[in-house]
Amino acid sequence: MKGSLLYEGKAKQVYRVEGEAEQLILSYKNDATAFNGKKKDQFNGKGRLNNLISANVFAYLHQHDVRSHFIKTLNDTEQLVEKTTIIPLEVVVRNVAAGSIVKRLGLEEKQPFDSPLIELFYKNDDLNDPLINDEHAYLLADVTEEELNVLKRMTLTVNTQLRSLFADVNLQLVDFKLEFGRRQDGSLVLSDEISPDTCRLWDRETGEKMDKDVFRQGLGDLVDVYEVILQRLEEKAHA
Ligand code: ADP
Ligand code: UDP
């Protein structure tokens, strides 16, 4: 049964589970934020779409031997997950140049990378999630060099699997962000969400942006676009 609210973030609420100290309920909100909370809005149906898309993606990863915190979907907006202590890192993988790297390094948007590029950001709203290097991560995120290498390898495996999943539904996986958490026994596990809020996805035929950039850049109706992604993933899952 749903317990008390543990934490409320920008996109989700996190609830305890009565009688299950090692589980949490993630409740996806309709809120959208960008530019570290400076741009905000609410979209009816967004919480449901991200909950169901994220569940679908975690289920696909599970089928391909990539474990995560995901246990099961509870209802339209909520999922049951393993409780972890989140490592305060945003692990970003880029297959194609877009977003912050374009401005930071003066690259051309749409430039593909020969091999996926990993960047680490320190998950800290007060500091605006700064880009950090490995040595900063050992200092700030309580991970050893060996563990960081494990996280990077897991991230590249997720990238390989997700590129294939999204290519099958006619989407190009441009980049995405992962979070990892630590279980009580010390092991590291993929956590948080994988949704169009945390991935850049471009239609493979039209090049149309089908992710949170629709909101960031005011390109159209975010809910309509997310609905198309869910429909394509569900059609594939039931094919
Ligand atoms: P933010 O905190 O960045 O505003 P959200 O609104 O998505 O983000 O809030 C969800 C919070 O839950 C995040 O801080 C995320 O790191 C955390 N979280 C995700 N999965 C787990 C988990 N399995 N155990 C504990 N915390 C988690
Ligand atoms: N991302 C995210 N949460 C963040 C920052 C980035 O999910 O707090 C995702 C973002 O949606 C994109 C990828 O990570 O898919 C790379 O984001 P980028 O560094 O380009 O930052 P942006 O300009 O999108 O904020």
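The values are calculated or read from the model by the stated rules, or taken from the named source; none is laboratory data. What you see is a predicted model, and the numbers here were worked out from it, not measured in a lab. Every residue, glycine as well, gets a Cβ built from its backbone with ideal geometry; the counts of neighbours run over all protein chains shown.
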Go over the candidates Lys38, Lys29, Lys46 one by one and state the one that is basic (Lys, Arg), more than 10 Å from ligand 1 (Cβ to nearest atom) and touching a helix residue (DSSP H, G or I) at 6+ places or on another chain (Cβ under 7 Å). Lys46
Restricting attention to segment 132-142, does a residue exist that is within 16 Å of ligand 1 (Cβ to nearest atom), modelled with pLDDT under 95, in a loop (DSSP other than H, G, I, E, B) and surrounded by fewer than 17 Cβ atoms within 10 Å (Cβ to Cβ)? yes
Quick check: anything in segment 116-127 within 30 Å of Glu18 (Cα to Cα) and of a type in the set (Ser, Thr, Tyr)? no
Given (1) touching a residue at least 40 places away in the same chain (Cβ under 8 Å); (2) aromatic (Phe, Trp, Tyr); (3) more than 17 Å from Arg67 (Cα to Cα), number of the condition Phe166 does not satisfy: (1)
Residues of segment 83-111 being within 15 Å of ligand 1 (Cβ to nearest atom) and either more than 21 Å from Val158 (Cα to Cα) or surrounded by 18 or more Cβ atoms within 10 Å (Cβ to Cβ) (or both), in sequence order, are Lys83, Thr84, Ile87, Leu89, Glu90, Val91, Val92
Hey, can you tell me all the residues within segment 168-197 that are in a strand (DSSP E or B), within 11 Å of ligand 1 (Cβ to nearest atom) and over 17 Å from Val150 (Cβ atoms)? Lys177
Do we have any residue at all in segment 202-213 that's part of a strand (DSSP E or B), within 14 Å of ligand 2 (Cβ to nearest atom) and out of contact with any Pro (no Cβ under 9 Å at 6 or more places or on another chain)? yes
Would you pick out the residues in segment 44-58 that are out of contact with any strand residue (DSSP E or B) (no Cβ under 6 Å at 6 or more places or on another chain) and touching a residue at least 40 places away in the same chain (Cβ under 8 Å)? Asn44, Gly45, Lys46, Leu49, Leu52, Ile53, Ser54, Asn56, Val57
Would you mind finding the one in Gly37, Gly99 that is closer than 27 Å to Ser164 by Cβ and in contact (Cβ under 8 Å) with a residue 60 or more places away in the chain? Gly99
Tally up the residues in segment 72-103 that are over 14 Å from the mean Cα position of the chain (by Cα), among the charged types (D, E, K, R) and closer than 19 Å to Cys199 by Cα, please. 1
Read through the list (1) within 24 Å of Leu188 (Cβ to Cβ); (2) away from ligand 1 (no atom under 16 Å from the Cβ); (3) crowded, with 19+ Cβ neighbours inside 10 Å, then give the number of the only condition that Ser68 fails. (2)
Any idea how many residues of segment 1-29 are over 17 Å from Ala55 (Cβ atoms) and part of a loop (DSSP other than H, G, I, E, B)? 8
Can Arg153 be described as more than 18 Å from Ala11 (Cα to Cα) and free of Cβ contacts under 8 Å to residues at least 12 places away in the same chain? yes
Residues of segment 16-28 being surrounded by fewer than 23 Cβ atoms within 10 Å (Cβ to Cβ) and in contact (Cβ under 8 Å) with a residue 60 or more places away in the chain, in sequence order, are Val17, Ala21, Glu22, Gln23
